[in-house]
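First the structure, in the form of structure tokens, and then the observations on it.
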Amino acid sequence: MQIPLINLKRQHQALQPEIEAAVLQVLAGAQYIMGQNVTAFEKEFADYIGVKHAIAVGNGTDALVIALESLGIGPGDEVITTPFTFFATAESISAVGATPVFVDVRLDTYNINENQIEAKINSKTRAIMPVHIFGQPCEMDKINAIAAKHNLHVIEDACQAVSAEYKGKKAGALADIACFSFFPTKNLGCAGDGGMITTDNDRLADICRALRIHGSGEAGEKAYNLLNNIDVSTTDNQDGDHTVYNPSKYYNYLIGHNSRLDELQAAILRIKLKKLDECQKQRQDHARYYNEALQETDLVRPAAMDNIRHAYHLYILQSENRAAITRYLNSKGVATGIYYPIPLHLQKAYTDLGYQLGDLPQVEYLSHRTFAIPVFPELSAEEREYIAAALTEASNVKKT
Ligand SMILES: Cc1ncc(COP(=O)(O)O)c(C=O)c1O
């Protein structure tokens, strides 16, 4: 049996007629950028997460960059984050000219260790960027309390955690501002790149809306006024050529980005959002099955935390014999993934930050042990039984 880590073809086949109809409609409508699907999807996504604003952007990395910029974070600033994540988390901090400061992770949840954050706060610290890694929410009450005490912002990297919950609230509604990725393999994925920023803060939402579109037009003007404390009721109207369809389009107020979600992607995501809870139930069911089926092995299974709903973007196991176990699974046709082989503080790109091997022992330990097995919603009962049996065999082979 051949089982990939994720089977996007199967996902597409289940939705093919609906998706094709929606795509054809967008093509025929010829409104490809910032159309009605983007507006509708922003509203539907905001309602799903339980926030006031959702601002669609080009990808999750841009969402993080724009969120940081909306908070005024830039050169000279430090942002505390985790080293056990996809590179884009820290890269976004570097992209705005700030410095990522890495805090070690918890061995149970793989998330940033909230008890080690305060020791890294200094006069340059402006924000904390927790990542709900693999779909498991961080200890947000403690993180928000530390941020409040030290007057810091909190930016959730929820790129792997759409639909995850912490104390009854969805990831994406747990901090000042949050970011999502709709990369195809994510739990809510599009047919290309896509991302979203969510917030309850009107001011941050207005600034993000301007930054995603060159700081231009009405959104740009509004954000400029907000940032410069200009009271529009006392300002003269802009002189200019008001004969064009959008008089402010070529007026640029801020240095921003070209980072919009395509209308085609929004149309696809609207369909998939409606199915998301159903897909999440299937992921949860697979995880429950693995948790039980692997009880007799010495593989470390995902921690079950109180008051948390894990999104199971990835089902992660731990073993000191990772190489032998994944080799065995692969020989049986079961794909595995290593998340993440190099913690970010040891990446070549961050040599200049001066971290050494041994600085963050927990993440360094985990990076030699963790691996992912298939948990995609469309996995069949027969396939997951096959995977669990292969894992049991692999751990027995290793013991003898
Ligand atoms: C934790 C995390 N942060 C950020 C990103 C960046 O998202 P994107 O690939 O859409 O730019 C990803 C996903 O790829 C991610 O997993």
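What follows draws every value from the coordinates through simple rules; no lab data is involved. Computed from a predicted model, the values in this text were never measured in an experiment. Reconstructed Cβ throughout: ideal geometry from the backbone, glycine too, with neighbour counts over all protein chains shown.
Just the number, please: percent antiparallel of the DSSP beta bridges in the chain, rounded to the nearest 5.
Roughly 60 percent of the beta bridges in the chain run antiparallel, per DSSP.
Could you pull out which residues in segment 14-32 have an amide N less than 20 Å from a spot 7 Å beyond the Cα of residue 378, following the Cα-Cβ vector?
Answer for segment 14-32: 14-24.
Please find the FRET efficiency linking residue 24 to residue 338, where r is the Cβ-Cβ separation and R0 is fixed at 41 Å, and quote it to the nearest 0.05.
Between residue 24 and residue 338 the formula returns 0.55.
Does anyone have the angle between helix 36-49 and the longest principal axis of the chain? Alpha-carbon axes, 0 to 90°, nearest 10?
Orientation of helix 36-49: about 60 degrees from the principal axis.
For a test of the definition: using alpha carbon positions, the gyration tensor, and the 1.5 limit on a/c, classify segment 31-71 as rounded, prolate or oblate.
It is oblate, given that a/c is not under 1.5 and a/b is not larger than b/c.
So if I place +1 on the C-beta of Lys and Arg and -1 on the C-beta of Asp and Glu, and nothing else carries charge, what would the dipole magnitude of the chain be about its Cα centre? I want it in debye, nearest 20.
It works out to roughly 880 debye.
Once you've got the Cα coordinates, tell me which of 142/170; 169/272; 149/169; 149/186 are over 24 Å apart.
Check vs 24 Å cut-off fails for 149/186.
If I build a Gaussian network model for the chain, linking alpha-carbon pairs within less than 10 angstrom, which residue out of 389, 30, 335 has the largest mean-square fluctuation?
30
Say each of residue 320 and residue 359 gets a label point 7 Å from the Cα, pointing the same way as Cα to Cβ; how far apart are those two points in nm?
It is 2.8 nm.
With Cβ to Cβ distances under 12 Å as the rule, what net charge do the other residues near residue 144 carry (K, R +1; D, E -1)?
Result for the neighbourhood of residue 144: -1.
How big is the chain in terms of Cα radius of gyration and Dmax, in angstroms?
According to the Cα coordinates of the chain, Rg and Dmax are 22.3, 82 Å.
Mind ordering 320-326, 134-140 by average Cβ neighbours within 10 Å, highest first?
134-140, 320-326
May I ask for the equivalent-ellipsoid semi-axes of segment 296-400, computed as the square root of five times each C-alpha gyration tensor eigenvalue and listed largest first in whole Å?
Its equivalent ellipsoid spans semi-axes of 28, 17, 13 Å.
With the contact rule set at Cα under 8 Å and sequence spacing of 6 or more, what percent relative contact order holds for segment 8-263?
Over segment 8-263, the number comes to 22 percent.
Counting only C-alpha contacts under 8 Å and six or more residues apart, can you give the relative contact order of segment 276-399 as a whole percent?
It rounds to 38 percent for segment 276-399.
Mind checking the dipole of segment 276-399: about its Cα centre, +1 per Lys or Arg Cβ, -1 per Asp or Glu Cβ, Debye to the nearest 20?
In total the dipole reaches around 280 debye.
Mean residue ellipticity at 222 nm from the helices of the chain, using -39,500 (n - 2.57) per DSSP H segment of n ≥ 4 over the full residue count, to the nearest 500 deg cm²/dmol?
Taking each H run of at least 4 residues, the total per residue is -12500 deg cm²/dmol.
Helix 263-293 versus the longest principal axis of the chain: what is the Cα-based angle in degrees, 0 to 90, to the nearest 10?
The two axes meet at around 30 degrees.
Compute, for segment 1-127, the length of the dipole vector about the Cα centre, with Cβ point charges of +1 (Lys, Arg) and -1 (Asp, Glu) only. Units Debye, rounded to 20.
So the dipole magnitude of segment 1-127 works out to roughly 100 debye.
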